[in-house]
Each structure stands twice: as structure tokens, then as C-alpha cells.
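Notes follow the structure.
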Amino acid sequence: MSSKTAYVQPVADSLSVFKEGIFNGKVLFCTGGGSGICKAMTEAVMRHGANSVIVGRNLERLTAAAQELSKATGKICLPAQADVRKPDQLKSAVAKTIEQFGRIDFVICGAAGNFLTPISGLSENGFRTVIEIDALGTYHTIKATIPYVRESKGSYIHVHVSAAKAAVDATSAVLAVEEGPHGVRSNVIAPGPIGGTEGMDRLGPKGTSVSSMFLGMPVGRLGDVKDIANTTVFLFSDAASFITGQVLVVDGGNEHLRTTQLPYPASVLDPESVKSLIKPRL
Ligand code: COA
């Protein structure tokens, strides 16, 4: 992956399974919406009628993405600069959303920080940074938006990563229980390997053989941002009105590869013992 523009992927042609206009009059608030998977999620929701506010640290990137999304969907997308680690900045982004649109129906807590390093190379500040972005950032986003989401009886979706995954899952589950009576649903989308994203570029296997490494996946391909975008539209739609507090794994069956393999890595198995366990077919 050599160019940042390679991360920009239109999702339009994959959405015909959903009815047009199901999100007319709705408003999406998406942290991390300036690029990658969250940008595709935003586009998908906008193509079904919603206006949106995308939130991130880099105003230049956000502004370009917002213009692109508005043009592509015919709806309004506004950029709002905020670091999810800074509650006051998030509050300002929410205030801007309310000032412009008067409501928030859907929230995607998508802003994430991640990098690959063994624990020997991980400083206390490095660990804290990821927790602050993923876990605390999700908390700050929920705190800032919940009064408005309650009013409109909308939904949360959290994209979670790395060490903060368990915290985000637990936060979402409790939110689902607490806010259910107020008409708010909360679900987590857990994406598997998604091709052409910054995350895959930075965290996935290096080199040209990325696709081939995943040919062994049950569906025989890497994920696409469209897969996550379609899931987002489904979860925000009324079709999912009885689904809350769930972690929806969207990974082409990847997680089950582990459970359907031999119980120990091949490197620690004695080949002769394994052979003796395999009964010849009669
Ligand atoms: N390996 C080890 N430590 C790392 C690291 C790496 N690859 N990258 C950052 N760190 C450490 C830094 O050394 C620093 O710790 P220190 O002060 O003890 O040296 C700490 O993490 C904070 O780094 P900094 O660059 O100051 O933080 P930031 O707020 O500017 O950036 C990150 C946040 C680190 C998460 C950065 O990777 C980022 O912004 N990523 C973009 C978004 C992203 O990751 N998206 C997810 C795609 S899946």
C-alpha cells in the first residue's frame, strides 16, 4: 500500500439489499469518520438518507472527507475537530451537531489508536495512550452524546481494537441494559481483517502476499469496508430493533479457524502420535 488515497473506497454499489431512505431525517455522529472503515460506515448510513458529523483530530483530512461524502451521497456531512481523549472538545463537536441538525440518532465510537509492539517495546505511556483513545475515548463519546441519543431513541455502535476491546465490549453491554428502557440500543461490530485499510496496512502481514495469506479463510477472501458498512446499516435499521448488547463479529468466519484446528500448534505436536490418532477409513 503506497498511497493514502488507496484507503478511500466507495461503498455505493453494495447497498441495494437495503431499502432507500430508511434513515431520512436522521443524524449520525461518527468519531474516526475521516478515514478507513468509519468513513465507509458513514457513507453507507448517509446513502440511506442521514446527515452526519465526522469527528477526528486532523481538520484538513476531515474537511476533505466531509466534502467527498456530501458530494457522493447528496446529504450533508460536517467535519468537527476533536480528540476523543478531550471531553471538552467532544462536547463542542456535539454542540456543533445539535446547532446544525438539532438531533443525534446514531453514534459510532470508531476513533481508535493502535500499533504493533511486543510488551518489551511498550512504555507505560504507550499503553495508556491506547487505553485513553479506545476505552476512555468511547466513554467520553457516550457521555457527550447520550442525552441526545436518548431523545431520539437511537443506537450506538462501537468499533473496538487492541487492549481496550474488553473494556469497550463491557461498556456497550452495560449501556444496552441501562439505556434500553430509554429506547437506546448499543452494539459492537468486531471487524476481522479488512483489506485496503490503514489498519491492515499498519498492523497486517507485510509484503505483497496479504491476500494470499487469507485465502484459507472460510469465505476465501479478505473483508472489505463494504462488509462493515452493510452491517452498520443493518444494525441502525429497524430490522435490528431487538438486537442490543451484542458483539457482532464480521470476519468471514475467521475466528472459528482457531477452534476447528488441532488443539495445539503443529510445532509442539509429535507427528507420529498424531498419525496414530487418525483412524484409517474402511
Ligand atoms: N511502538 C511502541 N510504542 C509506540 C509506538 C510503536 N509503534 N507508537 C507510539 N508509541 C508510544 C510512544 O512512544 C509514546 O510513548 P512514550 O511517551 O513513552 O515514548 C506513546 O505511544 C504515545 O505516542 P504519541 O505518538 O505521542 O501519541 P499520539 O497521541 O500522537 O498517537 C497513536 C496515538 C500512538 C495511537 C498513533 O499510533 C496514532 O495516532 N495512530 C493513528 C490512528 C490509529 O492507530 N488507528 C487505528 C488503525 S487500526
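The values are calculated or read from the model by the stated rules, or taken from the named source; none is laboratory data. Model, not experiment: these values are computed from the prediction. Note: ideal-geometry Cβ built from the backbone for every residue, glycine included; neighbour counts use all protein chains shown.
Quick check on my filter: what residues within the range 23-45 are surrounded by fewer than 24 Cβ atoms within 10 Å (Cβ to Cβ) and either in a helix (DSSP H, G or I) or more than 16 Å from the ligand (Cβ to nearest atom) (or both)? Asn24, Gly25, Lys26, listed by residue number.
So which residues in the range 153-176 are assigned to a helix (DSSP H, G or I) and either under 18 Å from Ala93 (Cα atoms) or within 15 Å of the ligand (Cβ to nearest atom) (or both)?
Selection gives Ser162, Ala163, Ala164, Lys165, Val168.
Residue pairs whose Cβ atoms lie under 7 Å apart, sitting 6 or more positions apart in sequence or on different chains, and linking a residue in the range 51-76 that is farther than 18 Å from Thr97 by Cα to a partner that is outside any loop (DSSP other than H, G, I, E, B), are Ala72/Glu43; Thr73/Glu43; Thr73/Met46; Thr73/Arg47.
Within the range 110-142, can you find the residues that are of a type in the set (Asp, Glu) and within 18 Å of Gly34 (Cβ to Cβ)? So that I can check it myself, show each step before the final result.
If we filter the range 110-142 for residues that are of a type in the set (Asp, Glu), which is where we start, we get 124, 132, 134.
Answer for the range 110-142, where residues must be of a type in the set (Asp, Glu) and within 18 Å of Gly34 (Cβ to Cβ): just Asp134.
Among residues of the range 117-131 that are touching a residue at least 60 places away in the same chain (Cβ under 8 Å) and at negative phi, none has a Cβ under 8 angstrom from a residue that is loosely packed, with under 10 Cβ neighbours inside 10 Å and not in a helix (DSSP H, G or I) at a sequence gap of 6+ or on a separate chain.
Number of residues in the range 82-128 that are within 14 Å of the ligand (Cβ to nearest atom) and surrounded by fewer than 24 Cβ atoms within 10 Å (Cβ to Cβ): the value is 20.
Within the range 136-145, identify whether any single residue is of a type outside the set (Asp, Glu) and within 13 Å of the ligand (Cβ to nearest atom), and answer yes or no. If you could, list the steps in order and put the result at the bottom.
Here is the first cut: in the range 136-145, the residues of a type outside the set (Asp, Glu) are 136-145.
With within 13 Å of the ligand (Cβ to nearest atom) added as a condition, the list becomes 136-137.
The answer is yes; a qualifying residue exists.
Filter the range 183-206 for residues that are more than 16 Å from the chain's Cα centre (by Cα), more than 10 Å from the ligand (Cβ to nearest atom) and at pLDDT below 85 and give the result. Pro205, Lys206 - these are the residues of the range 183-206 that are more than 16 Å from the chain's Cα centre (by Cα), more than 10 Å from the ligand (Cβ to nearest atom) and at pLDDT below 85.
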